[in-house]
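Trainee: I'd like to ask some things about the structure below.
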Amino acid sequence: MRRRTLITGAVGALVAAGASPAAASARPRRRVLHVRPGDSVQAAVDAVAAAADGHGRTIVVHPGTYREVVNIPAGARDLTLLGATRDPRDTVIVYDRANGTPKPDGSGTYGTAGSATFTSAAPGLTVRGLTIANDWLRADHPEITGTQAVAAYVTGDRSRFERVRFLAHQDTLFADTTALDSFDRQYYRDCHIEGDVDFLFGRGRAVFDGCRLHTLDRDVGFRPEGMVFAPATARANPYGFLAVRCRVTSGAEDGAYKLARPWVPSYETTAWPSLVVRDTWLGPGLDAVAPYIDMREAYPWQTMRFREYANSGPGAVVSVPGNRPLLTAAEAASHTRRTYLGDWRPYEQRY
């Protein structure tokens, strides 16, 4: 007869009867780990990453609020992280720190990427049915000027998010790559992503499929209140961000937001930002007259790879010639989920 283990939680789920936690971490027997309130999501990730045969594991996170930072290393390949219910509001991973938040050891501040609640460099990651949030607020920290507060910082090829809510204000989703010469692919389906300034940004090759992109109301007293996209695509990468069949909604007044501005980082001045928004409903919160804006005068948006195709809604009205670069039907055929993602076809799989 097997002895019952007295160790609870995600790490306990890996402990074979009679084995020490350290030994069990090195050779887990269960393919599925369960995390419940009072447990740590990071502890489950650590157990999987430490295992010699830890690839392809699943972590099921049960309803509750998990106030912690979660970091999935590159070695945790093909990990699946699931909310236990079909409602992403039931399971929340949240933390609160910003670019300018001082580190407790006095070694400086976290920086933009370091502010993230959720970080992953693991190839083949799948996340479904939960919320990832950074609830740091500018109003609570007037002394901090580095106000970027990232919910998720994602690198690693074949990163897949379905029915996930990403909540923050500035720089909500950092869709990036592991290196300048890596064209890591990311796929977001039926997600809710909200924020204010540049809340979808980075140099990743990312497809947003059927997502709701929601702009928040800011009491800032100037226009624009923010921008939805700020791609920083590497010049050698033929594809950057693609939004297809999405909805851009707003909690702000009409015309308060720009659709995009190009991000050319000071440390990567060769970037050539790429964004295609197609077959998408653009709500009245967007400035239809001048939907794009420069981030820096040296890199005008007109020189970037910004295009639209077959969009609808009040924010998609073409009122000033030249202010909305449009694809032809022939050009649009090269900007699809298949061309962006290549031999990886997550959109053909249903959950």
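Throughout, read-outs are computed from the coordinates displayed, never taken from laboratory work. Predicted, not measured: the structure shown is a model, and the values here were computed from it. So basically every Cβ, Gly included, is an ideal-geometry build from the backbone, and we count neighbours across all protein chains shown.
Trainee: Being under 18 Å from I93 (Cα atoms) and among the polar types (S, T, N, Q) narrows it down to one residue among T147, T172, T177, T215; which is it? Give the steps one after another, and end with the answer.
Mentor: Values: T147 fails: under 18 Å from I93 (Cα atoms); T177 fails: under 18 Å from I93 (Cα atoms); T215 fails: under 18 Å from I93 (Cα atoms).
After ruling out the rest, the residue left standing is T172.
Trainee: When the residues of segment 250-295 are narrowed to those that are touching a residue at least 24 places away in the same chain (Cβ under 8 Å) and of a type in the set (S, T, N, Q), which ends up nearest to N311 (Cα to Cα)?
Mentor: Let us first name the residues in segment 250-295 that are touching a residue at least 24 places away in the same chain (Cβ under 8 Å), namely 250-265, 268, 270-295.
If we keep only those that are of a type in the set (S, T, N, Q) as well, we get 250, 270, 274, 280.
Values: S250: 17, T270: 30, S274: 17, T280: 5 Å.
It comes out as T280.
Trainee: Shifting gears a bit: For A310, are the conditions met, namely being closer than 17 Å to C246 by Cα, in contact with a Lys or Arg (Cβ under 8 Å, 6 or more places away or on another chain) and surrounded by fewer than 19 Cβ atoms within 10 Å (Cβ to Cβ)? Even if it seems obvious, please write down each step before you answer.
Mentor: Working: closer than 17 Å to C246 by Cα: yes; in contact with a Lys or Arg (Cβ under 8 Å, 6 or more places away or on another chain): yes; surrounded by fewer than 19 Cβ atoms within 10 Å (Cβ to Cβ): yes.
So A310 fits the description; yes.
Trainee: Further, regarding this structure: Filter segment 186-196 down to the residues that are crowded, with 23+ Cβ neighbours inside 10 Å and over 12 Å from the mean Cα position of the chain (by Cα) and list them by number.
Mentor: D196
Trainee: Any residue in segment 96-108 that is within 23 Å of H169 (Cβ to Cβ) sitting within a Cβ distance under 7 Å of a residue that is surrounded by fewer than 17 Cβ atoms within 10 Å (Cβ to Cβ) and small (G, A, S)? List the pairs, counting only those 6 or more apart or interchain.
Mentor: Sorted first by the residue in segment 96-108, then by its partner, the pairs are A98/G146; N99/G111; N99/G146; G100/G146.
Trainee: If L82 passes every condition in (1) under 15 Å from the mean Cα position of the chain (by Cα); (2) part of a strand (DSSP E or B) but one, which one does it miss?
Mentor: (1)
Trainee: A follow-up question, please. Scan A179, A206, A175 and give me the residue that is without any contact (Cβ under 8 Å) to a residue 24 or more places away in the chain and within 25 Å of W272 (Cα to Cα). Talk me through it step by step, then tell me what you get.
Mentor: Values: A206 fails: without any contact (Cβ under 8 Å) to a residue 24 or more places away in the chain; A175 fails: without any contact (Cβ under 8 Å) to a residue 24 or more places away in the chain.
Going through A179, A206, A175 in turn, just one is without any contact (Cβ under 8 Å) to a residue 24 or more places away in the chain and within 25 Å of W272 (Cα to Cα): A179.
Trainee: Does V94 count as among the aliphatic types (A, V, I, L, M), touching a Ser or Thr at 6+ places or on another chain (Cβ under 7 Å) and either part of a helix (DSSP H, G or I) or surrounded by fewer than 23 Cβ atoms within 10 Å (Cβ to Cβ) (or both)?
Mentor: Details: among the aliphatic types (A, V, I, L, M): yes; touching a Ser or Thr at 6+ places or on another chain (Cβ under 7 Å): yes; either part of a helix (DSSP H, G or I) or surrounded by fewer than 23 Cβ atoms within 10 Å (Cβ to Cβ) (or both): yes.
Yes.
Trainee: Filter segment 47-79 down to the residues that are on the phi < 0 side of the Ramachandran plot, assigned to a loop (DSSP other than H, G, I, E, B) and not hydrophobic (A, V, I, L, M, F, W, C) and list them by number. Spell out the reasoning first.
Mentor: Step one: of segment 47-79, the residues on the phi < 0 side of the Ramachandran plot are 47-55, 57-63, 65-77, 79.
Those still in the list that are assigned to a loop (DSSP other than H, G, I, E, B) too: 51-55, 57, 62-63, 68-69, 73-77, 79.
Across segment 47-79, the qualifying residues are D53, G54, H55, R57, H62, P63, E68, P73, G75, R77.
Trainee: Among the candidates R247, R205, R235, R261, single out the residue that is basic (K, R) and in contact with a Cys (Cβ under 9 Å, 6 or more places away or on another chain). Walk me through it before giving the result.
Mentor: Numbers: R205 fails: in contact with a Cys (Cβ under 9 Å, 6 or more places away or on another chain); R235 fails: in contact with a Cys (Cβ under 9 Å, 6 or more places away or on another chain); R261 fails: in contact with a Cys (Cβ under 9 Å, 6 or more places away or on another chain).
On inspection, the qualifying residue turns out to be R247.
Trainee: Counting only residues that are assigned to a loop (DSSP other than H, G, I, E, B) and either small (G, A, S) or touching a Phe, Trp or Tyr at 6+ places or on another chain (Cβ under 6 Å) (or both), how many does segment 234-260 have?
Mentor: First, the residues of segment 234-260 that are assigned to a loop (DSSP other than H, G, I, E, B): 234-240, 245-246, 251-256.
Narrowing the set further to residues that are either small (G, A, S) or touching a Phe, Trp or Tyr at 6+ places or on another chain (Cβ under 6 Å) (or both) leaves 234-237, 239-240, 246, 251-252, 255-256.
Residues flagged as assigned to a loop (DSSP other than H, G, I, E, B) and either small (G, A, S) or touching a Phe, Trp or Tyr at 6+ places or on another chain (Cβ under 6 Å) (or both) within segment 234-260 amount to 11.
Trainee: What number of residues within segment 268-290 are among the acidic types (D, E) and either farther than 18 Å from A256 by Cβ or crowded, with 24+ Cβ neighbours inside 10 Å (or both)? Show your work before the answer.
Mentor: From segment 268-290, those among the acidic types (D, E) are 268, 279, 287; that's our starting set.
Next, only the ones that are either farther than 18 Å from A256 by Cβ or crowded, with 24+ Cβ neighbours inside 10 Å (or both) stay: 268, 279.
Looking only at that region, the number is 2.
Trainee: Okay, moving on. Could you check how many residues of segment 85-118 are touching a Gly at 6+ places or on another chain (Cβ under 8 Å) and closer than 20 Å to E162 by Cβ?
Mentor: 7
To keep it simple, each residue is scored yes or no on (1) closer than 11 Å to V41 by Cβ; (2) hydrophobic (A, V, I, L, M, F, W, C).
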site	(1), (2)
N71	yes, no
T91	yes, no
T109	no, no
G114	no, no
F118	yes, yes
R128	no, no
D140	no, no
T147	no, no
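Residue-by-condition table, conditions (1) under 19 Å from A98 (Cα atoms); (2) more than 10 Å from the chain's Cα centre (by Cα); (3) hydrophobic (A, V, I, L, M, F, W, C); (4) buried (at least 19 other Cβ atoms within 10 Å of the Cβ):
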{"site": "A122", "(1), (2), (3), (4)": "no, yes, yes, yes"}
{"site": "T126", "(1), (2), (3), (4)": "no, yes, no, yes"}
{"site": "G129", "(1), (2), (3), (4)": "no, yes, no, yes"}
{"site": "R138", "(1), (2), (3), (4)": "yes, yes, no, no"}
{"site": "Q148", "(1), (2), (3), (4)": "yes, yes, no, yes"}
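Trainee: So which residues in segment 138-171 are within 22 Å of G251 (Cβ to Cβ) and in contact with a Pro (Cβ under 9 Å, 6 or more places away or on another chain), if there are any at all?
Mentor: Hits for segment 138-171 are R163, V164, R165.
Trainee: Only one of (1) of a type outside the set (D, E); (2) in contact with a Lys or Arg (Cβ under 9 Å, 6 or more places away or on another chain); (3) touching a residue at least 60 places away in the same chain (Cβ under 8 Å) fails for R305. Which number is that?
Mentor: (2)
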